[in-house]
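Some notes on the structure that comes next.
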Amino acid sequence: SAMPVRCVHGSNPLPDSAKRQRTSESIPAETCDWHGPLEARKKHLAACGFALVECPYGCVAHTQRRNTDQHVAACTRRPSPCADCGTVMPWCRLDAHSTSCPKKLVACVNGCGIQVPRASMQQHRASCLQERVWCPLHALGCLAMLRRSKYACRVRSDGSLLAVQGPLLPLMASCCVR
């Protein structure tokens, strides 16, 4: 019959002099206690919980196979979905992605209090009452640039000007008051 062998991750009998020099760094406190025939060792090593294995997500960590689940749950490279758009990426990249995610809700840059998905900001600004725009009478010479809400009384919902009666100068002057 074949001579029994121990797992390479197991403890080996140490001579008395080595036992005195043993340190916790050089020999793990817990080791594999498997022993069996030499021809079965290869199969055992493929599943041994004490064997060091690489992280399945490609980080630099090497953990004992039996601790892989704990590492995977906390690995900075574990696949994680963005809470806003659902794109899956390594957990360590979520913060950087958050600064450019097109679906992340962001406050209107004009301070109107509305939050819109980042990718829709330009569309929102096209109708935001706090956006600074040229006066509707700009084509007639008015150089005022105020918030859209200041001009709402002169513009129809389709964007065209309301009919102006009387001289235009007093109307233009009222726009330009600072």
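Quick look at the numbers
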item: Separation between Cα centres of segment 45-70 and segment 95-121, rounded to whole Å; result: 40 Å
item: Environment charge at Pro37 (Cβ cut-off 14 Å; Lys +1, Arg +1, Asp -1, Glu -1); result: +3
item: Estimated vicinal HN-Hα couplings, Hz - segment 84-97 in sequence order (Karplus 6.51, -1.76, 1.60; Gly, Pro = x); result: 9, 10, x, 4, 8, 8, x, 3, 5, 9, 4, 4, 5, 5
item: Residues with amide H under 5 Å from that of Arg78, placed H, sequence gap 5 or more; result: Trp91, Cys92
item: Environment charge of Thr76, counting only residues whose C-beta is closer than 12 Å and scoring Lys/Arg +1, Asp/Glu -1; result: +2
item: Cut-off 11 Å between beta-carbons: net charge of the residues surrounding Val116, Lys and Arg +1, Asp and Glu -1; result: +4
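Taken together, the values in this text are just the output of simple stated rules run on the coordinates, not laboratory data. Given the structure is predicted, the values throughout are model-derived calculations rather than measurements. Here Cβ is always computed from backbone atoms with ideal geometry, including for glycine, and neighbour counts include all displayed protein chains.
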